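Notes follow once the structure below has been shown.
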Amino acid sequence: MSPERDPGPYDALLLLSFGGPEGPEDVLPFLENVTRGRGIPRERLKEVGQHYFLFGGVSPINEQNRELLAALREDFAEHGVDLPVYWGNRNWAPYLTDALREMVRDGRRRVLVLATSAYASYSGCRQYRENLAESLAALEAEGLPLPRVDKLRHFFNHPGFVEPMTEGVLASLADLPAEVREGAHLAFTTHSIPTAAADTSGPEEAHGEGGAYVAQHLAVARLIAGAVRERTGVDHPWRLVYQSRSGAPHIPWLEPDICDHLESVHAAGAPAVVMAPIGFVSDHMEVRYDLDTEAREKAAELGLPVRRSATVGADPRFAAAVRELVLERAAAERGQPVERCALGALGPSHDLCPVGCCPARTPRPAAAGAGSPYA
């Protein structure tokens, strides 16, 4: 096989995602899975569940993962990359442990993992690695042979991730009324996390105010804002803002919230805003509810024209980026020189999460990183 198409030594790719309910009866059990061990009262879960019931109790994430799965398989087949693609979730069917069990029974022994999170953080990277370790431990307890599992590097600044989002922003700007288009502000949104978690995101040398989590998002925002300026000739004001806060009020989280930001820029005279959810791979529930519902309602209350740009989803350019990342990592594992594609000053992320990267408050085993018990 040509090196440009050879995924060896890997014999499978696992799409690893968050999961979501697919009917009203799934909502509370799903939320219990998500919050297990955190002592969240059932009444609070019922409140959050109302967000899902607005959409018939169905999160869009599973269907979007099916579309991404199909796009990956199609891209691999078109480019002669012979690598089966499986799918497992952290919090709902198809579950991660079941997916790994199926892979082992199919004879897969070297597995690459694509997590549907582009950035460094505990919840966006290490927690997925902890879940992998838990599932491997479950297979070990069943007496099954354990595959070696590696995780693809963070893809936040890969062109195949950035370019579709850039086009989404341009399309949203074009959809605004002509009289407000040129003065529109760009609000790049991502999931808020506790400031303490942000400050310790990424490798230890990246720790500090905001850590790698904020730095990586800012890098993507700059790339998109710069590309928009080059293509339109307009330098739109922009800011990185946050959404989907879920923590206790006394714990500091990243700010400003998107709704607070809309109030602020409206008061300052902004004629319109494009909300660009750069922190999310697909239009899952937190995009559909927090932006398409809550933020739009806030904008309507203010009389502020807003548009929400598209996430990457199953865009063919993203599927191609995943193929490039797979072949890049495979070549590196074979000891061959590789060119790692990345935009901006931060450069490509690490292949192997080092010890001390995105630490948990309570240390737990994590696979697919330095110091893993399942190396």
Revision key, fill the gap. Picked from the range 190-216 (must be touching a Phe, Trp or Tyr at 6+ places or on another chain (Cβ under 7 Å) and β-branched (Val, Ile, Thr)), the residue nearest to Gln127 (Cα to Cα) is Ile193
Practice item. Would you check if Ala342 is small (Gly, Ala, Ser) and assigned by TED's automatic domain parsing to the domain that holds Leu254? Key: no
Review point. Residues in the range 135-143: is at least one at pLDDT 95 or above, buried (at least 19 other Cβ atoms within 10 Å of the Cβ) and under 17 Å from Ala212 (Cα atoms)?
Key: no
Practice item. Out of Thr166, Thr116, report the one residue that is within 28 Å of Ser201 (Cβ to Cβ) and assigned by TED's automatic domain parsing to the domain that holds His217. Key: Thr166
Exercise for review: Look through the range 1-48, keep the residues that are surrounded by fewer than 13 Cβ atoms within 10 Å (Cβ to Cβ) and small (Gly, Ala, Ser), and return whichever of them is farthest from Asn89 (Cα to Cα).
Suggested key: Ser2
Exercise for review: Name the one entry in Arg5, Arg38 that is out of contact with any Ser or Thr (no Cβ under 6 Å at 6 or more places or on another chain), over 24 Å from Leu146 (Cβ atoms), assigned by TED's automatic domain parsing to the domain that holds Pro147 and assigned to a loop (DSSP other than H, G, I, E, B).
Suggested key: Arg38
Review point. Exactly one of (1) surrounded by fewer than 15 Cβ atoms within 10 Å (Cβ to Cβ); (2) within 22 Å of the chain's Cα centre (by Cα); (3) assigned to a helix (DSSP H, G or I) is unmet by Glu209. Its number?
Key: (3)
Check your understanding: What number of residues in the range 272-314 are among the aromatic types (Phe, Trp, Tyr) and part of a loop (DSSP other than H, G, I, E, B)?
Key -> 1
Check your understanding: In the set Pro252, Pro271, which member is in contact with a helix residue (DSSP H, G or I) (Cβ under 6 Å, 6 or more places away or on another chain), loosely packed, with under 14 Cβ neighbours inside 10 Å and over 28 Å from Ala342 (Cβ atoms)?
Key -> Pro252
Study note, to complete from the structure: Log entry, pairs with first residue in the range 203-215 being within 15 Å of His350 (Cα to Cα), second being at pLDDT below 95 and surrounded by fewer than 19 Cβ atoms within 10 Å (Cβ to Cβ), beta carbons closer than 7 Å, six or more apart or on different chains, reads Pro203/Gly356; Glu204/Gly356
Practice item. Taking the options Val281, Val312, Val265, Val287, name whichever one is surrounded by fewer than 23 Cβ atoms within 10 Å (Cβ to Cβ), at pLDDT 95 or above and not small (Gly, Ala, Ser). Key: Val265
**Study point:** For Leu327: the one exception among (1) part of a strand (DSSP E or B); (2) hydrophobic (A, V, I, L, M, F, W, C); (3) more than 23 Å from Ala219 (Cβ to Cβ)
**Key:** (1)
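The values are calculated or read from the model by the stated rules, or taken from the named source; none is laboratory data. This one's a predicted model, so the numbers in the text were calculated from it and none came from an experiment. Positions of Cβ are backbone-derived with ideal geometry, glycine not excepted, and every protein chain shown enters the neighbour counts.
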